């Protein structure tokens, strides 16, 4: 039951991080996404992965928050609850298959590899791609900040 609640929270916070217009609230929702991801890793006995995910998330949030604050010059406006509720309901709808269609292990079958081993030994490609995405975001933010500084001179 706890894993299903974490999954629902993860999907809803990810949807809110994507669809909220206000940068500060979007970054807060992204923080919740990283937090839920870390909790899911920790619940599956992958404590080092949970710590790594949380550390990378904190660094990413710091960069996104600072760049969002520097690039938006408009005054802060109130977040409209009418925009948040449909997105949260959409996230809840997206998470329902994960809650109701979860696959249970039969008593006779045991996995040959543990979750921790699969996480660290069988995931080389997606870890490299995740690093590439973070590098691309950092380069993009650097280019935008450089262009903004060049335009101010």
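Computed from the Cβ-Cβ distance with R0 of 35 Å, the FRET efficiency linking residue 66 to residue 130 stands at 0.95. Given in Å, the Rg to one decimal and the Dmax to the nearest whole number for the Cα atoms of segment 1-51 are 11.6, 36. Each peptide in 22-29, 125-132, 2-9 gets a packing score, the mean of other Cβ atoms within 10 Å over its residues, and the list from highest to lowest is 22-29, 2-9, 125-132.
Readers should treat all values here as calculations from the given coordinates under stated rules, not as data from a laboratory. Only a predicted model underlies this, so the values are computations on that prediction, with no experimental measurement involved. Every residue, glycine as well, gets a Cβ built from its backbone with ideal geometry; the counts of neighbours run over all protein chains shown.
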